[in-house]
Amino acid sequence: MGLQQLLQETARVADGLRAFELVSLLSRLHRVQGSSEVVVAAEHVAQLMGELGIETRLETLRGPLGLYEYWGFWEPRGWRLYSATLERRRSDGSWETVASSHKTPLVAVVHSPPGSVEGEARLVGSPDSYQGEPLPIVSSLVWETYYRLVEAGAEAVIAFHEGPGVRYWGLYPPFFQEPPNAPALSIEWEKALWLNRERIRIRVEAEYHTMPETPVLLARVGSDSGHAVLLTAHICHPSPGAHDNASGVAVLVEVMAALKAMENRLRDTGISVIAVASPEWTGLAAAFTQGLLEPSSLMAALSIDMVGARLDSTGGVLHLIGSPLPLASPLDPVLDAAIAASIEGPYTGLKSYEWGSDHDVAIGVGVPGSLLNEWPDRYYHTSLDTPDNLSPQRLAAIAGAIAGAVVALGERLEHAIEAAKASTSLYVYRALLSDVALEGDAREAAVKLVEYSRAYLDAIRRAVKKGEQEQPWSRDIDAAVRPPITRTYLYLRGGEAGKKMLALGERERSGAKAMMIIAAATGSMEIAKLYYQMKTGRQPSGELVELVERILVMGRG
């Protein structure tokens with residue numbers, strides 16, 4: 001059966017209205033990592049999958065997970081939000097409410113500490129312009145900014161952004177650090193301008209606790225053993241979080257429903273599909289760390305993150321972000337063809353690897369990882385990321401495309417492998433263009449990486465068809481810390497090497513980050529250096545290579 005017929009079959013099963021209803025339900029929950037509502041969300045999804053006859057298992061991991069011992073990030077503390085308000089004193093001495101979590105929970109910066117502060121608000125704008133004001137209003141609030149402001153004298157922090165709605169900002173303090181103590185709020189930019197030099201009162205009622213729950217929902221369709229395709233969608237996000245990422249979870253459910261309807265055909269291929277819905281990065285990392293998933297049995301992974309939007313409302317384009325060389329994914333070209341054949345609207349086609357979702361975690365353990373994503377979104381990380389921005393028809397179409405691609409991969413594995421091999425030639429073409437534009441030397445590295453990629457795809461073929469496991473390149477490093485490795489991790493746990501990495505220029509730090517990802521994924525610094533050369537057109541310095549190695553083996557004697 002051809003791909004077009006497969007897509008017609010899967011499209012008949014995927015239910016856009018059911019997906020939209022699930023998005024609406026999830027959007028009402030404040031699905032913050034470390035909160036109870038993210039667990040409630042997972043329970044709803046598990047119940048729905050069970051009703052659809054899908055084999056489902058919900059693991060709720062309680063307490064600290066210790067992820068920072070293995071990964072370049074961590075799970076947050078437990079956090080409960082009760083209320084958050086910002087009031088302004090009128091000229092008659094009475095107080096009026098300017099912002100309240102009763103309207104949107106995003107008014108409380110996620111994982112804000114509790115506290116009550118009164119004083120004069122001062123519009124600072126860029127955090128770099130801060131000069132010790134007790135109640136600064138700033139235009140961005142990443143973790144480092146918050147701590148820098150508090151250390152310099154801020155008693156509370158108010159953040160805004162120059163876009164629509166209330167922006168989601170988050171702190172996510174780790175267990176190994178003393179919890180912060182200055183409350184933090186988020187407001188619209190118009191209110192930020194209006195509150196400058198006004199007398200205000202901030203109150204956040206919240207609490208940290210040491211027993212957060214991390215839900216990891218696993219579902220399986222197809223063969224009970226053998227090789228599998230991993231599909232993942234992060235279930236966490238502050239409310240509403242419809243596009244990011246209730247949409248991905250809803251599509252994941254519909255993909256599994258479509259595959260369940262075709263399970264006999266999937267079994268005949270000997271391939272199964274494992275779905276994971278869990279908090280972003282932390283849930284999937286815990287699944288690998290605690291043995292719920294075995295990397296060696298996974299032939300490809302796909303993260304479904306922000307899909308099914310009405311693009312005329314949100315803006316943006318559908319992207320398929322491919323797995324990095326040499327971890328070429330046999331799923332990528334098949335999914336690329338399925339999307340092109342069945343999804344209306346702008347689509348960029350298969351693109352080079354970028355980080356930013358759960359595919360990073362899969363890559364960190366050596367599994368080819370890709371990302372399906374719509375970007376940009378004018379309502380991203382705001383209170384306006386609501387279900388009305390999504391299309392039931394598009395949710396169903398994307399689910400059908402993914403399901404059809406997975407079945408096609410199993411039934412026509414040889415063709416998929418050859419297509420994936422052919423697609424790697426694009427990297428040589430791009431490297432040639434880079435060399436012409438930048439007078440670099442990217443082509444030589446790209447050619448070598450393509451050779452490794454094709455050998456890797458042949459190894460996947462033999463593993464699936466004959467059960468033969470082999471490593472198509474030699475290993476020269478065993479990473480103690482798995483990417484993704486965040487700036488916060490480098491700052492808090494990276495020691496001198498981490499500080500040196502953060503002090504690098506943006507371009508060099510980006511190249512170093514890519515080297516860390518590829519070195520950990522492949523176990524080869526030689527391949528990581530080739531990847532750096534392909535992306536930058538030059539070989540990495542010995543000092544940079546040494547710095548990357550030091551970070552990857554941190555904690556090992």
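In whole Å, what is the distance between the alpha-carbon centres of the stretch 115-166 and the stretch 53-101?
Value for the Cα centre distance between the two parts: 19 Å.
How high is the FRET efficiency between V553 and D268 when r is their beta carbon distance and R₀ equals 41 Å, given to the nearest 0.05?
0.40
Report the extension gain between D476 and E439 in nm, rounded to one decimal, defined as 0.36 nm multiplied by the number of residues separating them, less their alpha carbon distance.
Gain on stretching D476 to E439: 10.3 nm.
Taking the simple approach of a point 7 Å from Cα along Cα-to-Cβ for both V40 and Q177, what is their distance in nm?
Using points 7 Å along Cα→Cβ, the separation is 2.9 nm.
Restricting attention to the stretch 457-519, which GluC sites (Glu not before Pro) occupy a DSSP loop and are surrounded by at most 13 other Cβ atoms within 10 Å? Walk me through the intermediate numbers first.
Values: sites: E468, E470, E496, E506, E508; in loops: E468, E470.
Those that pass, being in a loop and sparsely packed, are E468, E470.
Which peptide among 318-324, 403-409 comes first, and what is the full order, when sorted by highest mean count of other Cβ atoms within 10 Å?
Values: 318-324: 25.1, 403-409: 28.6.
Ranked from most to least packed, the peptides come out as 403-409, 318-324.
Just subtract the alpha-carbon distance of A503 and S83 from 0.36 nm times their residue separation and send over the number in nm, one decimal.
Full extension from A503 to S83 adds 147.4 nm.
In the stretch 78-209, with Lys and Arg counted as +1 and Asp and Glu as -1 at Cβ, which of these residues, T97, V138, I187, has the Cα nearest the positive end of the dipole, that is, farthest along it?
T97
Within the chain, which DSSP H helices have Cα atoms that stretch 30 Å or more along the helix axis and a mean Kyte-Doolittle hydropathy of at least -0.5?
Length and hydropathy pass: 442-466.
Just the number, please: Stokes-Einstein D of the chain in µm²/s, Kirkwood Rh from C-alpha pairs, 37 °C, 0.692 mPa s.
The Stokes-Einstein estimate is 135 µm²/s.
In debye, nearest 20: dipole of the stretch 350-404 around its Cα centre with unit charges on the Cβ of K, R (+) and D, E (-)?
Numbers: 3 positive and 7 negative charges, 35 e Å.
Result for the stretch 350-404 is approximately 160 debye, rounded to the nearest 20.
So, R0 is 30 Å and r is the distance between the beta-carbons of Q539 and A422; what FRET efficiency does that work out to, to 0.05?
0.60
What ranking of H381, H30 emerges when the number of other C-beta atoms within 10 Å of each C-beta is taken as an exposure proxy, fewest first? Walk me through the numbers on the way to the answer.
Working: H381 20, H30 23.
Neighbour counts put them in this order, fewest first: H381, H30.
Suppose R0 equals 35 Å; then what is the FRET efficiency for V447 and Y491 from their Cβ-Cβ distance, rounded to the nearest 0.05?
Values: r = 37 Å, r/R0 = 1.07.
With a Förster radius of 35 Å, E is 0.40.
Pull out the extension gain between H102 and K191, defined as 0.36 nm times the separation in residues minus the alpha carbon to alpha carbon distance; nm, one decimal.
Details: separation 89, 0.36 × 89 = 32.04 nm, distance 1.70 nm.
Between H102 and K191, full extension yields 30.3 nm more.
Determine the distance separating the Cα centre of the stretch 378-397 from the Cα centre of the stretch 1-51; give it in Å without decimals.
So the two Cα centres are separated by 14 Å.
Using only the alpha carbons of the stretch 361-435, what is the convex hull's orientation-averaged projected area in square nanometres? Write out the running numbers ahead of the final one.
Details: hull surface 33.3 nm².
Over all viewing directions, the stretch 361-435 projects a mean Cα-hull area of 8.3 nm².
Once both labels are modelled 7 Å past Cα along the beta-carbon direction, what's the E162-M211 spacing in nm?
So the label points at E162 and M211 sit 4.7 nm apart.
Please go through the residue pairs K351/K500; K351/K448; K421/K500; K191/K351; K499/K535 and name each one whose alpha carbons sit more than 29 Å apart in this structure.
Working: K351/K500 31 Å; K351/K448 19 Å; K421/K500 38 Å; K191/K351 40 Å; K499/K535 24 Å.
Correct reply: K351/K500; K421/K500; K191/K351.
Quick check on packing: order 262-268, 413-419 by the mean number of other C-beta atoms within 10 Å, highest mean leading.
Numbers: 262-268: 16.0, 413-419: 17.9.
Top of the packing list down: 413-419, 262-268.
Roughly how many debye, to the nearest 20, is the charge dipole of the chain about its Cα centre, given +1 on each Lys and Arg Cβ, -1 on each Asp and Glu Cβ, and no other charges?
180
Using +1 on the beta carbon of Lys and Arg, -1 on that of Asp and Glu, and nothing else charged, what's the dipole of the stretch 424-552 about the Cα centre, debye to 20? If you can, show how the numbers build up before the last one.
Working: 21 positive and 17 negative charges, 105 e Å.
The calculation lands at about 500 debye.
Please list the radius of gyration and Dmax for the stretch 424-552, considering alpha-carbon atoms only, with Å as the unit.
That works out to 15.9, 48 Å for Rg and Dmax.
Every read-out reported here was derived from the displayed coordinates using simple, explicitly stated rules and does not represent laboratory data. All of these numbers come straight from a predicted model, not from anything done at the bench. A quick note on method: Cβ atoms are made from the backbone with ideal geometry, for glycine too, and the neighbour counts reach across all protein chains shown.
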